[in-house]
Each structure stands twice: as C-alpha cells, then as structure tokens.
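See below for the structure under consideration.
The values are calculated or read from the model by the stated rules, or taken from the named source; none is laboratory data. Here the structure is a predicted model, which is why all the values come from computation and not from measurement. Please note: Cβ atoms are built from the backbone with ideal geometry, for glycine as well, and neighbour counts cover all protein chains shown.
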Amino acid sequence: MSTTERPTTPPEPMTPEIVSREGNSMVLSMGPQHPSTHGVLQIMLEIEGETVVKAEPEIGYLHTGIEKSAENLFWTQAQTVIERMDYLAPESNALCYALAAERLLGIEGKIPERAQTIRVLFSELTRMASHCVWLGTHGIDIGAISVFFYCFDLRENLLDLQEAAGGARMHPNYVRIGGVNGDLPQGFLDRFDALLEKFPGRMRDLRGLLQANPIFQDRTIDVGTLTPEEAVRWNVTGPALRASGIAYDVRRAFPYCGFETYEFDVPTRSEGDAYARFLVRLDEMEESYKILKQVRRRLETPGAVMIDDPKIAAPPKETIALSMEALIHHFKIVSEGFRIPPGDAYASVESPRGELGYYIVSDGGNRPYRIRTRPPSLYNLQVLKHIAPGNLIADLVVMIGSLDPVFGEVDR
Amino acid sequence: MPSTQTPSITGLATDPTSLRVDVGDAEVRRVELAALRATMEELHASGYSMLLDLGAVDYPERTPRFDVVYHLLAMPVKASTLAEVGTPKRLRVLCGVDGEKPVCPSVMDIWPSADWAEREVFDLFGITFTGHEDLRRIQMPYDWEGHPLRKDYPLRGPARERAPRPAFALKSNVVAGAPPSGRTLEALQAQVKAARERAARESES
C-alpha cells in the first residue's frame, strides 16, 4: 500500500496508516477510478473474502479550492465558482449563497414575489434533474441499464429549461443576490407545460422499471441500514435522514423563498435501508412535481424579478443610455462590485442531497471574507465507514449509490 | 505574504463577528477555549443532538487569531413526523483559537460526525484537535506544505506566487506590488498602433 510511504508534515498526530493487514484479511484500494464510485472516491478496504472488515474513504481528489477562490472574487463573481460545487444541482448552491448574502445585506424581505417563485421553480427543477442522475447511475450500479436512458432523457428536458432561462445547460448562474438574472424568456411557459405533461408518464416508467423489480429489491432491501439515532449522530440529512424516519426538511423547518405557502408533503420511510432511500427520492420527485404545478399558476402574474436597489443590482441595460445615474451605478457594480456590511450569517436550503448551508463572513468589503460550506454530501458520505463493515463489496456499491454523494461538493 | 493578485477594497473590521447585527439565523454563543469541552458536553446533553457543521475562520490581525465555528441543531433522536421536528433550535458556537499554538479540543467523541470536519480544519487551517483519533490531511495531499485557507497563504500557492508573472497594466496592480513587466498599457497601445500602421501600408501596396 503506497499511502503508508507518503511523507508527512507536522504537527505530529498524522497517521497515514489507514488500514492494517492482519490475519486472513487483504487490503484493496477501490477507486479513485472506479465506475461505481460516482466520481473520484477512493475507498481503502480491508476485506476477508468478499466481506468488508473496514472501509476508509479517501477524498480530496477533486479539491479545487473553491472556498479560497471565492474569497478573491466579488460577491457576484463568487457565485460562478460556488455553482461548481454541486454540479448536479447548481441552482441549489447559488440560491443558498444568495440567501446568506441577502441575510447580511438585510434585504431578505425585499426580494420581489416573482423572483421568489422563479427561485422555487429552479430549486425544484434542479432537484428533479439531480435525482434523475442519481436514479440512472444507481440503476447502472445494480445492473438495471435501461432506466439510465429514461432518466437522462427526462433530465435533458429539465436542463433545456435551465438553458432557456439562464443561457447555460449546466451552470446557468441564474439566481443572483437580490433576485434572478432577467425574466423568463418568451415561450418558456409552453416548454414548461410540455414538461409538466410529460413528467407523470415518465415517472410511471421509472417506477415500473425498478420499484417492484425483484432483482432490484434483492439488492437494496436491508442494505446499508441507518437507524434514526445513527443518522442523527453521523449528521446525515436529506433523503437519507427521511428514509430513516425523521421528517426533517429545510423547506419546512426553516422555510425560504416562500416555501411555507406551497402545499407538499415530506415523504418519509421507517426502514432506513437503500430501498427506503430509493422510495423517498422517487416520492420527492413527485412532490416536486406538485410544487411545480403551483409554481406554474403563480408564474401567470408578471412582476419584477430583481430587487429595485441600484447599489446591489445593476440597472437595466436600456436605461444606461438615458440616465447618468444608471450609467454610474452600472459602472460601479461591474468594476468593483458592491459591499456587504460586516458580520456573519448562516443560511441553508434543502438541496437534493440534504441540508446545504453557507456560513459567510463579510468584513465590509466587496469580496467575501470567508465562505464556509456545509456540504451535505461530505457528511452523508462519512457515514459509509460506519455502515460498510460486515457487508459484501457488492453491497458497498449499492450503499454509495443510495447515499448519492457528489464529489464536486465533497472535495470543493 | 498576502496575495497581490486581486487588490481588494479592504474592510474596516479585524473581527467582523463583533459587529454582527442579529439576522435571526441562529442563536449565537461565544465560548472560551478552556470551557469549550464542558460547554459542548452540556449542550449535547441538553438536546443538541446534531453537529450540523464545523468550520474555521482566520482573522490574522486579531488575538486569538482563529475562530472555530460550530453549528448545532436540536434534532429529535427518534423517528418523528414533520410536526414533531417543527423548527429545531439552531445554535452557533464560536471559539477563539490562538494563532501561535493553534490547538483545540476535539468533539469527535461527542458527535462522531466531527471526524472529517476536524480533519478538514486541520488540513486547511492548521488547527490541531487534541483527542481526535485519526487527524491527518483530508483534502490536500499528505506531503503538502502549508494550510491553504489561512489568509497569509497566497492564492495561487507559494511556488507560483514567487515567480514573476505577467502583470496587466492596471494601475492598482502595480501599486499592490506586482512585478513590472513589458505588458504596460503604453506598450500594448504601441503594439496596436504598429499593427494598424502595418495593415494600412499593406492595403496601400
């Protein structure tokens, strides 16, 4: 094992000896280039036969220093790199960061109604798109290949909407501090209607392919079981926590963007195994569909989509030629950004993976002083070393899939 | 050495948390390092069952230099419905840690989920957690030198920061101490002018 020979740096409690080789056990490095680790996860395994004795995930292969980079960008520019953390649900990241910054600016209550609705729209679209990737890849891990194509087809429709509004398929950078970047384009609502029409049928397909499938059930039932006590102790949030029976959803516990005015359920299961997590996520997609239908009705009302404050939001391009103040404000915001009063704040949203939080500190300047992410994937993945021992290697793959980590976010 | 890449509009506060206004995101409590363990044990016993997050912030001009920031959540430790969960209490605990000898007690035995979070703070800030069973780097390679999220760690890493790099002709960049290079605004304008003249001559001939 090469990791034992790596040099270390002080201070002294560095112990690169990750797993030991005792008795009949064997050390196996799974990953980082393993197709079923959903990215660049390496797991140092101590195995006896096919049974895992000890599993130690090694992360950091995708560490890109996003938190450090963000400290050197304007408040608005930082949003660009922050969206790259959870690349399957970029709008959740952008939204959470914007909420934290708005909290420090003291403009939480001033975001226009329509901007809130559009934010809800994209936070749910992104949840569906993310769950599509999860279901497709989880299916492939277990051997159900066809479900992948149905999932990615649906995801493509969801990303099309994201592209139509934000201009980019993966990282639209559409949610901004103070609202969203421009109103929805012409023809958006027709495409949105088409998606809403397609979704229930596609959901039936997905359920039909897997839910009652005996092979799928055999592979997932009673695998990676988490009791509610364990889930809380290991700081697991999101669908994995709800599959263990605790109905904690940030949208309900700490409502944001007017989620308290929408009608939806928080699906829970009591089993806590991989199959329960699968069911919870599928139910969640249907709850998202319910929210989207309510969003569709509210989108009929026109209105502003950005806060009316030229110190935070650049004035509309058309006004620049007509008004000197607009030109000055535009120039100031583009050239040196805006300042946020000193202080610290925490805001969280329910990302597809769990509670995503940002603790941001401002020193009163035009750049964030510190952005600390509470990455749901990191904590959800951490529980793996607790639940893996005693299971087969093949079940380990199911556990990783059912916890749904995204490595852009684990490593940041 | 502070990064010279982005001359920033500097803020006024050496400790922004002292200037915070209540934004209603969480209850905030500042704890002395000596009392941290006892406070945490007490908080855990009083129902803060979840260590939501553990991070750190570096304030180089302040004593103590670092803040370790804990976010706690009072979550029911059994299967519970939406109504039973309600709006759980959220608590932020700030604890100052000395910059010369950055040592902080670990809370891993109270909340096992602190494991990777403490490793990350150790890795990126160089704060040692006493009592942590397996404190080693988590994001950076094991042989990495320095702690990247400290404010005195250059943005592009020490190796690249020392080498002269092309400075754009922004005045602010020169003021901030970027090494001089041939790429000043005047030089660029001269290049553009020469290229235009060359193009004009070619079109004439």
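Points worth noting:
- Taken over the range A:356-370, the criterion of being at the interface with chain B (Cβ under 7 Å from one of its Cβ atoms) and either on the phi > 0 side of the Ramachandran plot or in contact with a strand residue (DSSP E or B) (Cβ under 8 Å, 6 or more places away or on another chain) (or both) is satisfied by A:GLY357, A:TYR359, A:VAL361, A:SER362, A:GLY364, A:TYR369, A:ARG370.
- Failed criterion for A:GLU260 (all others in (1) crowded, with 20+ Cβ neighbours inside 10 Å; (2) more than 9 Å from chain B (Cβ to nearest Cβ); (3) within 16 Å of A:ILE291 (Cβ to Cβ); (4) of a type outside the set (Ser, Thr, Tyr) hold): (1)
- In the range A:238-250, the qualifying residues are those that are crowded, with 24+ Cβ neighbours inside 10 Å and at the interface with chain B (Cβ under 8 Å from one of its Cβ atoms), and the one that is farthest from B:TRP111 (Cα to Cα) is A:ASP249.
One line per residue, one yes/no per condition, for (1) modelled with pLDDT of 85 or more; (2) of a type in the set (A, V, I, L, M, F, W, C); (3) part of a loop (DSSP other than H, G, I, E, B); (4) on the phi < 0 side of the Ramachandran plot:
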{"position": "B:ASP115", "(1), (2), (3), (4)": "yes, no, no, yes"}
{"position": "B:PHE122", "(1), (2), (3), (4)": "yes, yes, no, yes"}
{"position": "B:ASP134", "(1), (2), (3), (4)": "no, no, yes, yes"}
{"position": "B:TYR142", "(1), (2), (3), (4)": "no, no, yes, yes"}
{"position": "B:GLU145", "(1), (2), (3), (4)": "no, no, yes, yes"}
{"position": "B:PRO148", "(1), (2), (3), (4)": "yes, no, yes, yes"}
{"position": "B:TYR153", "(1), (2), (3), (4)": "no, no, yes, yes"}
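- Residue satisfying all of: in the range A:354-387; assigned to a helix (DSSP H, G or I) and either outside the structural domain of A:THR126 (by TED's automatic domain parsing) or of a type outside the set (S, T, N, Q) (or both); farthest from A:VAL53 (Cα to Cα) among these: A:PRO376
- Scanning the range B:103-156 for residues that are touching a Leu at 6+ places or on another chain (Cβ under 8 Å) and over 23 Å from B:LEU33 (Cα atoms), we see that the one that is nearest to the other protein chains (Cβ to nearest Cβ) is B:GLN139.
- Some residue of the range A:149-164 being buried (at least 20 other Cβ atoms within 10 Å of the Cβ), small (Gly, Ala, Ser) and within 22 Å of the chain's Cα centre (by Cα): no
- Sole exception among (1) surrounded by fewer than 17 Cβ atoms within 10 Å (Cβ to Cβ); (2) of a type outside the set (Ser, Thr, Tyr); (3) within 14 Å of another protein chain (Cβ to nearest Cβ); (4) over 20 Å from the mean Cα position of the chain (by Cα) for A:GLY272, by number: (1)
- Of the listed requirements (1) more than 24 Å from A:SER351 (Cβ to Cβ); (2) buried (at least 23 other Cβ atoms within 10 Å of the Cβ), A:ALA94 misses just one: (1).
- On the stretch given as the range A:124-156, residues that are of a type in the set (Val, Ile, Thr) and under 20 Å from A:MET170 (Cβ atoms) total 3.
- Among the residues listed as A:VAL232, A:VAL223, the single one being touching a Ser or Thr at 6+ places or on another chain (Cβ under 8 Å), crowded, with 16+ Cβ neighbours inside 10 Å and at pLDDT below 90: A:VAL223
- The set of residues from the range B:14-62 being part of a strand (DSSP E or B), of a type in the set (A, V, I, L, M, F, W, C) and surrounded by fewer than 22 Cβ atoms within 10 Å (Cβ to Cβ) comprises B:VAL28, B:VAL31.
- Sole exception among (1) crowded, with 18+ Cβ neighbours inside 10 Å; (2) within 8 Å of chain A (Cβ to nearest Cβ); (3) within 23 Å of A:ALA247 (Cβ to Cβ) for B:LEU73, by number: (2)
- Condition check for B:ARG65: within 11 Å of another protein chain (Cβ to nearest Cβ), basic (Lys, Arg) and in contact (Cβ under 8 Å) with a residue 12 or more places away in the chain: no
- Hey, A:GLY337 farther than 23 Å from A:VAL40 by Cβ and not basic (Lys, Arg) or not: yes
- Residue-level check: of (1) more than 15 Å from A:PHE254 (Cβ to Cβ); (2) of a type outside the set (Asp, Glu); (3) within 8 Å of another protein chain (Cβ to nearest Cβ); (4) in contact with a Pro (Cβ under 8 Å, 6 or more places away or on another chain), B:VAL57 misses just (4).
- Where a residue in the range B:89-106 is in the same structural domain as B:VAL23 (by TED's automatic domain parsing) and its partner, wherever it lies, is at pLDDT 90 or above and of a type in the set (Lys, Arg), with Cβ under 6 Å and at least six apart: B:PRO105/B:ARG37
- All positions within the range A:323-350 that are assigned to a helix (DSSP H, G or I) and of a type in the set (Ser, Thr, Tyr): A:SER335
- In the condition set (1) more than 23 Å from B:SER18 (Cα to Cα); (2) in contact with a helix residue (DSSP H, G or I) (Cβ under 8 Å, 6 or more places away or on another chain), A:SER335 is compliant with all but (2).
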